[in-house]
1. Report the normalised scattering of the chain as log10 I(q)/I(0) at q = 0.06, 0.08, 0.09, 0.14 Å⁻¹, calculated by the Debye formula with identical scatterers on the alpha carbons.
2. With all protein chains present, how much of the accessible area of the stretch 87-154 (probe radius 1.4 Å) comes from carbon and sulfur, to the nearest whole percent?
3. In nm, what is the difference between 0.36 nm times the number of residues separating PHE117 and ARG323 and their Cα-Cα distance?
4. Relative to the compact-globule scaling 2.2 N^0.38 Å, provide the ratio for the alpha-carbon radius of gyration of the stretch 215-328.
5. How far apart, in nanometres, would the label points at ARG185 and VAL159 be if each is projected 7 angstrom from Cα along the Cα-to-Cβ direction?
6. Would you pull out the residues with amide H under 5 Å of TYR175's amide H, same chain only if 5 or more places away, H placed 1.01 Å from N?
7. Only Cα pairs under 8 Å and at least 6 apart count here; give the relative contact order of the stretch 215-328 as a rounded whole percent.
8. With a 10 Å radius around each residue's Cβ, average the other Cβ atoms per peptide and rank 142-150, 60-68, highest first.
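The values are calculated or read from the model by the stated rules, or taken from the named source; none is laboratory data. The structure displayed is predicted, hence computed values, not measured ones. A quick note on method: Cβ atoms are made from the backbone with ideal geometry, for glycine too, and the neighbour counts reach across all protein chains shown. Surface accessibility is based on the protein's heavy atoms, side chains included, excluding ligands, DNA and RNA. Shrake-Rupley method; radii C 1.70, N 1.55, O 1.52, S 1.80 Å.
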Amino acid sequence: MRSIDSPTLSINGDRLMQRIFALAEVGATSDGGCNRLALTDADRDGRDVVVSWMRDLGLDVSIDVVGNVIGVWQVGSGAPVMTGSHIDTVRTGGKYDGNYGVIAGLEVIETCQRAGFVPSRPLAVAIFTDEEGARFAPDMLGSLVYAGGLTTEAAHDVVGIDGARFGDELARIGYLGATPCPGARPHAFIELHIEQGPLLEVNGVRVGAVTSVQGISWQEVTIHGQSNHAGTTPMNLRKDPAYAAGELTVFLRNLAKRYGGDQVCTVGKLDLHPNLTNVVPSRAILTLDVRNTDELLLQKAETEIADFCVDLAEREQVTISRRVLVRFEPVVFDDRIIDMVAQAARTRGDSVQRMPSGAGHDAQMLARMCPSGMIFVPSHKGLSHNVAEHTDEADLVAGANILLDVMLRLCDEPLDS
Ligand code: HGY
Ligand code: MN
Ligand code: MN
């Protein structure tokens, strides 16, 4: 039985970084970031690069009906120990969000292969489709379908923020696979990811043993008013959806302040129509991203927002409709895996703390079908979804070594467990 008390293998940091920087070239933006929105040509090109690395490692590569790519090193017996993440990015993405977890998974396999070490279970690395949800909501769409939380048909019919249909775009980029969803149940799933927040760096801790993912509530709010002349329309006669959107934005900020704790609220997207300087808009469409680790508080926040919208519509004589884009309850990870992450970090001499995840991750969907957990490493200044996203190489290498140790430890679990 392999104990993570005596790791014998270590990953190759240079190889890890080479792949991270090579993938970062795909969809690279002039300001040092990455723009590979899901199912765009850039996403396809990024997928092609990672699939070529999977094939170089001799993995069995399968593509499923929502474009999830699963590379399996078919060794040992029983269900595979799976790792992975995503390689789609937001428009202002960095080099590490998602990419790091997929590439570290390949590095774990290559490290074993080059050392001539054969694990007792197959090892799998997944690229889950559309984790960001930035183009096609909900986020974690691919892993949600993989885990049986959304039908393939419903996923294919999702219409993106640019009016494109998910299924059409998937076929267009050549990643509409045949493998059905829900996917095969892994023995366990462990995802390595940058924290995307400030906690580890502020605390001077290298590793996060992630305990849970907070609840996520996304809504699209459409406010209809009356377009009018900006110069001739008296203020008391206006039905101004831009103003109403502004009040709603302020209400969300104040709600988060009132709740405190883990409550966060974001208006990330705002479209005005006709979006012209001298026209009182006829319509505003905005998105609300509201999260909390506490499900009851998240529900309370949603009720307050709904009530506020009714009052706002009456006061401003506009109509307000809301559409739920995403609603995921908080997810708690597997205690055994959380302990393994903490123990592996300590054995490697790395400081570690238990912590929840503020961001959504594919691991929260895999947790619906098998014991799952996550490993975090620090994000410099807590920045992510920002081109300045950075994590020190030493931290990236440390995280990948812990992924190696935890995956091999999970491989040693009895076949019937
Ligand atoms: O929205 C999220 O938390 C993740 O980045 N998809
Ligand atoms: Mn991510
Ligand atoms: Mn992200």
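1. Result of the Debye calculation: -0.26, -0.45, -0.56, -1.23.
2. So the carbon and sulfur contribution to the accessible surface is 52 percent.
3. Value of the extension gain: 69.0 nm.
4. Compactness ratio reported: 1.11.
5. Distance between the two pseudo-spin positions: 3.8 nm.
6. none
7. Working: 215 pairs, mean separation 51.8, N = 114.
Relative contact order of the stretch 215-328: 45 percent.
8. Descending packing order for the listed peptides: 142-150, 60-68.
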